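Visitor: Sharing a structure with you now.
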Amino acid sequence: MKRLAIKMHEAWLSTLMAGFMSSGVNKQRLFDFSDILFRHFTWIEREMVLAGEAYNYDRDTIPIKVVKLSVILHNIIERLNQIDLQLMSVSPDLSHRITHDLKYITGAMALLDDEDITAFNTQRKLDNLELSDEATDALTLFLFEESYKEYELIMIYNYLKAHSDDAYINRIFQILVDESFFHLKSFGDMMAKMGILGVPRIVNKELYQIDDIKGFFLAGIDEELAAKEECRKLSEAVGANSPELAKFFDFINNQENYHIALMKDALAHWEKETNV
Amino acid sequence: MTVDAQLIEHMMEPKNYGTLEDANSEGIGKNPENGEKVAIYLKVLQEDGEDVIDDIRFQAIGCSTTIVAGSMITEEAKGLSFTGAVNLIAATMSILDKVPPEDAACSEMVALALRASIETYIKRKTDSDFPAITYQISNNCAPKEEGEEV
């Protein structure tokens, strides 16, 4: 099951990256498919947790540099066909569900129109904005740092959720996963437009295989505050050239306030439940 | 950090990131102030009586600068003899005072992880259970405030 989870993790990320690369009508379909593959991944993970199987989120590197969308779609279809052959390790109900989903997804992917890909041209131009060199550099560094951070948060919250049966805290983890997905998709889209798309690096297991939940929440609140500061600085850096882009980063900055409130709520609940 | 084509390339596709299944040594460089760390995994082979880094990987809990430093230094270290790798570490350490503090801390962390992994390998020649060596950095990651003494 562990190998299957790794392969599903890689297929999910690869499909998400293909969604970023696409600039046409395929984009939303690829995002939808990647969301389905992520859910498959979490369901396989849940079966591993219930079976007491040790696992982590290590995976292989995922090559994504292509000049045509059809190349990565072909690669994803191959990945999904390989997964289909490994489904015997999960329960019959889950295997049945995944098999049917994969059959549809691979068939639909094979019919998607091809596109030229510019997500790796390193031009670092965003839409028609005229950003100064300094603002472009600040945006570039922010996107690399924060796209990884959002992926890291998705994996951490997901792991904690998979190992918790506390409905109150799991509701909060799910909101935070959903929010991080929105941020990751926003940043990934910008990276693709700027020609600097990259797969977020593998998350070190020390970050999610944690015992000190209270410490995790406290550090998480600090990290959210740091993220707010990064958004504020970036908004300032791009504001002179693009008030619209500055508004976007102010919008993200404000979203972090609710994340902080949720983490404080989760921390209070945790302390009450565990008397820690 | 100056953003140039080489840096973007390393950020888009960090070289040698991950773990190494058949590693025969590992070492850690750590920033005690913020918990950031770098682990380097080595596969060392004997060639003409010399220890040579046949393959190398790194993993980090850290920022993009650490990833870029890890990508660049491991790429340089791959294929080097231990003598060559020690020279690479010395060269890296010698330029740390010429780069911004946050970049210096990241590069030092990678260089020390490489030194730790080499020394762990040497220790394991006589004690195969020798634990991975960890070194702590001396550079502070935080940029100095204006007017603060350097």
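The values are calculated or read from the model by the stated rules, or taken from the named source; none is laboratory data. The structure presented is a predicted model; accordingly, all values stated were derived computationally and were not measured. In this analysis, Cβ positions are derived from the backbone assuming ideal geometry, glycine residues included, and neighbour counts consider all displayed protein chains.
Per-residue answers, yes or no, for (1) modelled with pLDDT of 95 or more; (2) not in a helix (DSSP H, G or I):
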position: B:Tyr41; (1), (2): yes, yes
position: B:Glu75; (1), (2): yes, no
position: B:Ile118; (1), (2): yes, no
position: B:Asp129; (1), (2): no, yes
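Visitor: I would also like to ask the following. Of a type in the set (D, E, K, R) and buried (at least 17 other Cβ atoms within 10 Å of the Cβ): which single residue out of B:Glu75, B:Glu50, B:Glu21, B:Glu36 fits that description?
Guide: Of the residues listed, the single one that is of a type in the set (D, E, K, R) and buried (at least 17 other Cβ atoms within 10 Å of the Cβ) is B:Glu36.
Visitor: Also: Pairs needed: first member in segment A:138-163, under 23 Å from A:Leu245 (Cβ atoms); second member anywhere, outside any helix (DSSP H, G or I) and among the aliphatic types (A, V, I, L, M); C-beta distance under 6 Å; at least 6 residues apart or different chains.
Guide: A:Thr140/B:Val3
Visitor: Going through A:Lys205, A:Lys214, A:Lys193 one at a time, which residue ends up being assigned by TED's automatic domain parsing to the domain that holds A:Asn253 and modelled with pLDDT of 95 or more?
Guide: A:Lys193
Visitor: Related question: Under 8 Å between Cβ atoms, which residue pairs at least 6 apart in sequence (or on different chains) link something in segment B:1-29 that is within 7 Å of chain A (Cβ to nearest Cβ) and in a strand (DSSP E or B) with a partner that is at pLDDT 90 or above and buried (at least 16 other Cβ atoms within 10 Å of the Cβ)?
Guide: Matching pairs, first to second residue: B:Tyr17/A:Arg201; B:Tyr17/A:Ile202; B:Tyr17/B:Arg57; B:Tyr17/B:Phe58; B:Tyr17/B:Gln59; B:Tyr17/B:Ile67; B:Tyr17/B:Gly70; B:Tyr17/B:Ser71.
Visitor: Among what's in segment A:127-136 and is of a type outside the set (Gly, Ala, Ser) and within 17 Å of B:Ala5 (Cα to Cα), pick the residue that is surrounded by the fewest Cβ atoms within 10 Å (Cβ to Cβ).
Guide: A:Asp133
Visitor: Those residues that are under 16 Å from A:Gly220 (Cα atoms), basic (Lys, Arg) and within 14 Å of chain B (Cβ to nearest Cβ), I need them from segment A:116-174; list them, please.
Guide: Selection gives A:Lys149 alone.
Visitor: Can I ask one more? Can you pull out every residue in segment A:53-103 that is within 30 Å of A:Gly195 (Cα to Cα) and within 14 Å of chain B (Cβ to nearest Cβ)?
Guide: A:Tyr57, A:Asp58, A:Arg59, A:Asp60, A:Thr61, A:Ile62, A:Pro63, A:Ile64, A:Lys65, A:Val66
Visitor: Let me ask another. Taking segment A:94-111 on its own, how many of its residues are under 23 Å from the mean Cα position of the chain (by Cα), hydrophobic (A, V, I, L, M, F, W, C) and within 24 Å of A:Lys68 (Cβ to Cβ)?
Guide: Residues that pass the stated criteria total 4.
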